[in-house]
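Novice: I have a structure I would like to understand better, so I am pasting it below and will then ask my questions one at a time.
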Amino acid sequence: MIFQGIRQRVVEMSVMLADHGYFAATGGNLALKADDEHIVVTPSATDYYQMTAADVCVLRLRDLAKVDGDRKPSVETGMHAKLLRIRTDCRASIHTHQPIASACTLLGQPVPVSRADDRALLGREVRMVGYAPSGTAWLSSKLAKTLQPDTNAYLLRTHGAICCGISAEHAMRAISALERITLDYLRTRIATRAAQPSPQQAALRQLLATLDAQPIQDMAV
């Protein structure tokens with residue numbers, strides 16, 4: 001089996017992302033560069049807790065021709081490949097359905113990044129990619145138009161998030177940081193509304209309490 005080590009790394013990363021609620025059931029996917037000409041990608045419609053290294057697909061980056069792997073590649077393979085072709089400095093691309101960042105995609109606005117260490121990891125803001133159906137060339141094209149060389153985290157309108165990094169570890173840290181800053185952003189917006197008398201005030205305060213009871217844990221990458 002070619003690229004066995006990095007394919008096993010995909011399995012380990014997928015389980016870790018599922019453990020933290022960033023992948024759910026078969027939702028979420030990732031791609032890593034195996035070398036300058038090949039990527040390894042999570043398979044389509046596969047339970048991450050049952051997935052093996054042999055299930056992980058090996059594809060040529062330039063044309064996505066399948067080289068090895070027992071299953072079909074993720075339907076989002078084109079999106080990952082587009083990102084990795086454009087961002088040649090990156091070796092990892094992770095698409096999640098993480099809960100807080102996904103909630104922020106409904107707002108349709110970029111999220112500012114204020115802390116210096118978060119800016120170093122993610123960029124000055126988390127940019128919003130306009131809506132397009134999942135798994136389509138249209139979505140890949142919209143992402144390509146939004147990509148910036150100094151931005152490593154993007155919200156996909158109504159469809160989760162995608163983060164990239166110069167290494168798998170860098171991209172995993174970006175995922176955790178994104179969930180934390182979107183939690184802060186969402187909490188600030190809700191708190192502003194909750195401070196104003198309205199019929200929804202009690203519900204908004206309860207929502208704030210729920211968010212406060214779910215701290216974001218960094219992944220041990």
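What follows draws every value from the coordinates through simple rules; no lab data is involved. Since we're looking at a predicted model, the values are computed, not measured. Virtual Cβ from ideal backbone geometry, glycine too; neighbours counted across all protein chains shown.
Novice: Under the condition of being within 15 Å of S74 (Cα to Cα) and of a type outside the set (A, V, I, L, M, F, W, C), which residue from the stretch 1-32 is surrounded by the most Cβ atoms within 10 Å (Cβ to Cβ)? Spell out how you get there, then give the answer.
Specialist: The first filter runs over the stretch 1-32 and keeps only residues within 15 Å of S74 (Cα to Cα), leaving 7, 10-11, 14, 23-32.
Among the residues that remain, those that are also of a type outside the set (A, V, I, L, M, F, W, C) are: 7, 14, 26-29.
Values: R7: 24, S14: 24, T26: 16, G27: 15, G28: 24, N29: 29.
Step by step, filter the stretch 1-32, then rank; the result is N29.
Novice: For L106, are the conditions met, namely being buried (at least 19 other Cβ atoms within 10 Å of the Cβ), under 16 Å from the mean Cα position of the chain (by Cα) and closer than 14 Å to Y154 by Cα? Don't jump to the end; show me each part of the working.
Specialist: On the way: buried (at least 19 other Cβ atoms within 10 Å of the Cβ): no; under 16 Å from the mean Cα position of the chain (by Cα): yes; closer than 14 Å to Y154 by Cα: yes.
When the stated conditions are applied, L106 does not pass them.
Novice: Touching a strand residue (DSSP E or B) at 6+ places or on another chain (Cβ under 8 Å), over 19 Å from T158 (Cα atoms) and surrounded by 20 or more Cβ atoms within 10 Å (Cβ to Cβ), is that true of I39? I'd like the intermediate steps shown before the answer.
Specialist: Working: touching a strand residue (DSSP E or B) at 6+ places or on another chain (Cβ under 8 Å): yes; over 19 Å from T158 (Cα atoms): yes; surrounded by 20 or more Cβ atoms within 10 Å (Cβ to Cβ): yes.
Answer is yes for this residue.
Novice: Could you tell me which of the residues R193, R189 is surrounded by 11 or more Cβ atoms within 10 Å (Cβ to Cβ), farther than 22 Å from L121 by Cβ and more than 23 Å from the chain's Cα centre (by Cα)? Give the derivation first.
Specialist: On the way: R189 fails: more than 23 Å from the chain's Cα centre (by Cα).
Checking each option against the conditions leaves just R193.
Novice: Mind listing just one residue for me: the one in the stretch 110-146 that is basic (K, R) and loosely packed, with under 14 Cβ neighbours inside 10 Å and, of those, nearest to S74 (Cα to Cα)?
Specialist: Residues of the stretch 110-146 that are basic (K, R), as a first pass: 115, 119, 124, 127, 142, 145.
Adding the requirement that they be loosely packed, with under 14 Cβ neighbours inside 10 Å leaves 115, 145.
Details: R115: 34, K145: 22 Å.
Out of the qualifying residues, it is K145.
Novice: Would you please name the residue that is nearest to the chain's Cα centre (by Cα), looking only at residues in the stretch 64-76 that are more than 17 Å from K145 (Cα to Cα) and surrounded by 19 or more Cβ atoms within 10 Å (Cβ to Cβ)? Can you show your working first?
Specialist: Pass one, the stretch 64-76, residues more than 17 Å from K145 (Cα to Cα): 64-75.
Cutting the leftovers down to surrounded by 19 or more Cβ atoms within 10 Å (Cβ to Cβ) gives us 69, 73-74.
Working: G69: 23, P73: 17, S74: 14 Å.
By that ranking, first place goes to S74.
Novice: Here are A171, A177: which of them is under 29 Å from N29 (Cβ atoms), part of a helix (DSSP H, G or I) and in contact with an Asp or Glu (Cβ under 6 Å, 6 or more places away or on another chain)? Please lay out each step first, then the result.
Specialist: Details: A171 fails: in contact with an Asp or Glu (Cβ under 6 Å, 6 or more places away or on another chain).
The unique qualifying residue is A177.
Novice: When you go through I162, I216, I181 one by one, which is the residue that is more than 25 Å from L139 (Cα to Cα) and crowded, with 16+ Cβ neighbours inside 10 Å?
Specialist: Working: I162 fails: more than 25 Å from L139 (Cα to Cα); I181 fails: more than 25 Å from L139 (Cα to Cα).
Result: I216 is the single residue among I162, I216, I181 that is more than 25 Å from L139 (Cα to Cα) and crowded, with 16+ Cβ neighbours inside 10 Å.
Novice: What are the residues in the stretch 140-168 that are in a helix (DSSP H, G or I) and in contact with a strand residue (DSSP E or B) (Cβ under 7 Å, 6 or more places away or on another chain), if any?
Specialist: K142, L143, T146, A168, listed by residue number.
Novice: Another one. All but one of (1) polar (S, T, N, Q); (2) within 25 Å of L59 (Cα to Cα); (3) touching a residue at least 40 places away in the same chain (Cβ under 8 Å) hold for T88, so report the exception by its number.
Specialist: Answer for T88: the failing condition is (3).
Novice: Working carefully through the options L59, L83, find the one that is over 15 Å from the mean Cα position of the chain (by Cα), buried (at least 21 other Cβ atoms within 10 Å of the Cβ) and outside any loop (DSSP other than H, G, I, E, B). First the steps, then the outcome.
Specialist: Numbers: L83 fails: over 15 Å from the mean Cα position of the chain (by Cα).
Among L59, L83, only L59 is over 15 Å from the mean Cα position of the chain (by Cα), buried (at least 21 other Cβ atoms within 10 Å of the Cβ) and outside any loop (DSSP other than H, G, I, E, B).
Novice: Filter the stretch 147-159 down to the residues that are touching a helix residue (DSSP H, G or I) at 6+ places or on another chain (Cβ under 8 Å) and not aliphatic (A, V, I, L, M), then identify the one that is surrounded by the fewest Cβ atoms within 10 Å (Cβ to Cβ). Working first, answer last.
Specialist: At the first step, the residues of the stretch 147-159 found to be touching a helix residue (DSSP H, G or I) at 6+ places or on another chain (Cβ under 8 Å) are 147, 151-159.
Then drop every residue that is not not aliphatic (A, V, I, L, M), which leaves 151-152, 154, 157-159.
Working: T151: 20, N152: 28, Y154: 27, R157: 16, T158: 11, H159: 18.
That would be T158.
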